Amino acid sequence: MRGPIALATLRTSLILGVRLAMQAGTLLLVARVLGPERFGEFAGVAALAVVIGTLSSFGTNLVFLGEVSKEPGRRMHVLAYALPTTLLCGTLLLAVYLLFAGVYLSASGVSLMVLLAIGAAEILLQPLFAFLSNEHLAMERIARSQVVISLPLVMRLLAASLVFMVDAADPLAAFSFGYLIASAIALSLATATSSAPWPTLRDWRLPSRSELHQSSGYAALAFTACGPGEIDKTLAAVLLTPSSSGLYAAGTRVIGAVTLPVIAMLLSALPRLFREGHTQPRETTRLLRWILVAALLYSALITAVLWLAAPAFMGLFGPGYEGISQMIQWLCLAVPGMALRIAAGSMLMALGRPWMRAGFEIAGVIVLLVCSLMLTGRLGGTGMAVALACAEWTMAALGLALIASARMRAIRPRAA
């Protein structure tokens, strides 16, 4: 019922609140140390690594979530092929990332070693965290799953603090290597303290054709889901001046953080949607309606608060970020659409409609690309913020329409 979900949402929101504090601390420290120009470069290459890293597991992390939420005994069976798939795909994708990100070497001066450190962290190590956190999520230990996800954030905050204190000659390189070391330490701690071991190497195997087919839809889903939230920063690094790119990247990190309670609510509801989405259509429809109303009300409230509080961010980021307040106010246009897009995408995933989600998010990326190319030349960073808002609201509208259509088809046969 909604009561347990609301309680789980509250617990998860508390954990996410701690995550928000750690992310905010890391953001402010790194932004101050690097300055807007270098921060924009870092955000661009890191966002590209995050997007490519979503393909490392080839969707097996979401298959793992769905299978274990239905039958916990399937854990070892899925992990036996999911882990080698993730490492194999991740290694190949790391090479692709280094080749693709080479564009930035001449344009921004980001070194190959910095790219390698960021790429290894996001494309090889971070995808393995998904299995550790998704196991808790599948068992409805939502808050515990967020604790696992928070481990690398703690380590990155420590790395950022060290770089801030030692006044490194090349702070971008120093933080990038700290970024990689933080992910490695966090993964080691998480696996060492896990209640159940992973399959041994001799139990690993390659996935069958049917298993690959099952996970392929979720791979596309993960890629397109991450794209709207990250690829804009890579576009900003290409289309904007370094200073404007840094302001935009910092502003989008702020508005992304305020959607964490929406994510908490969805994480709390996902196991139930996976279990009951196909068997109890009317009750599921009521739950979906409740989630969407809550997401809309929260996002409207937080948008108003963020708009009013925007002038305070100038003092937080420092004098090098002049214009950050206006950037955040323009980005407020995207917040309600972002919240509804996140909600709609998670719902379609849980209801077994990964291609629907992939479809509306691909449409959103196309809108983002077209609008950013049209607007940034005349409006600069403001145009990028407006392009993001157009993309988020397009995805929200398409996602909600697809959910409504899917639920009507699910209810009608049973009513007949």
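Looking for something outside any helix (DSSP H, G or I) and at pLDDT 85 or above - is there at least one such residue anywhere in the stretch 205-214? Looking for residues that are outside any helix (DSSP H, G or I) and at pLDDT 85 or above, one finds at least one in the stretch 205-214, hence yes. Among the conditions (1) crowded, with 17+ Cβ neighbours inside 10 Å; (2) of a type outside the set (Asp, Glu); (3) in contact with a helix residue (DSSP H, G or I) (Cβ under 6 Å, 6 or more places away or on another chain); (4) modelled with pLDDT under 85, the only one that Gly318 does not satisfy is (1). The number of residues in the stretch 14-62 being among the aromatic types (Phe, Trp, Tyr) and in a helix (DSSP H, G or I) comes to 2. Restrict the check to the stretch 287-294 and report whether at least one residue is at pLDDT below 85, part of a helix (DSSP H, G or I) and crowded, with 21+ Cβ neighbours inside 10 Å. There is at least one residue in the stretch 287-294 that is at pLDDT below 85, part of a helix (DSSP H, G or I) and crowded, with 21+ Cβ neighbours inside 10 Å. When the stretch 65-83 is filtered for residues that are out of contact with any Lys or Arg (no Cβ under 6 Å at 6 or more places or on another chain) and modelled with pLDDT under 80, the ones remaining, listed by number, are Leu65, Gly66, Ser69, Lys70, Glu71, Pro72, Gly73, Arg74, Arg75. Would a scan of the stretch 390-401 turn up a residue that is assigned to a loop (DSSP other than H, G, I, E, B) and in contact (Cβ under 8 Å) with a residue 60 or more places away in the chain? Scanning the stretch 390-401, I find no residue that is assigned to a loop (DSSP other than H, G, I, E, B) and in contact (Cβ under 8 Å) with a residue 60 or more places away in the chain, so the answer is no. The numbered conditions (1) closer than 19 Å to Ala121 by Cα; (2) surrounded by fewer than 22 Cβ atoms within 10 Å (Cβ to Cβ); (3) among the hydroxyl-bearing types (Ser, Thr, Tyr) are all true for Ser195 except (1).
With respect to the conditions (1) surrounded by 22 or more Cβ atoms within 10 Å (Cβ to Cβ); (2) of a type in the set (Asp, Glu); (3) more than 30 Å from Val365 (Cβ to Cβ), Asp203 lacks only one, and its number is (1).
When only residues in the stretch 228-256 that are closer than 18 Å to Ile52 by Cα and touching a Gly at 6+ places or on another chain (Cβ under 8 Å) count, which is surrounded by the fewest Cβ atoms within 10 Å (Cβ to Cβ)? Among those that are closer than 18 Å to Ile52 by Cα and touching a Gly at 6+ places or on another chain (Cβ under 8 Å), it is Val238. Restricting the stretch 84-122 to residues that are polar (S, T, N, Q) and either in a helix (DSSP H, G or I) or within 17 Å of Thr60 (Cβ to Cβ) (or both), the residue that is modelled with the lowest pLDDT is Ser106.
Residues that are at pLDDT 85 or above, in contact with a helix residue (DSSP H, G or I) (Cβ under 8 Å, 6 or more places away or on another chain) and hydrophobic (A, V, I, L, M, F, W, C): does the stretch 400-407 have at least one?
Yes.
The values are calculated or read from the model by the stated rules, or taken from the named source; none is laboratory data. Everything numeric in this text was worked out from a predicted model, so none of it was measured. Cβ sites come from the backbone with ideal geometry, for glycine too, and all protein chains shown count toward neighbours.
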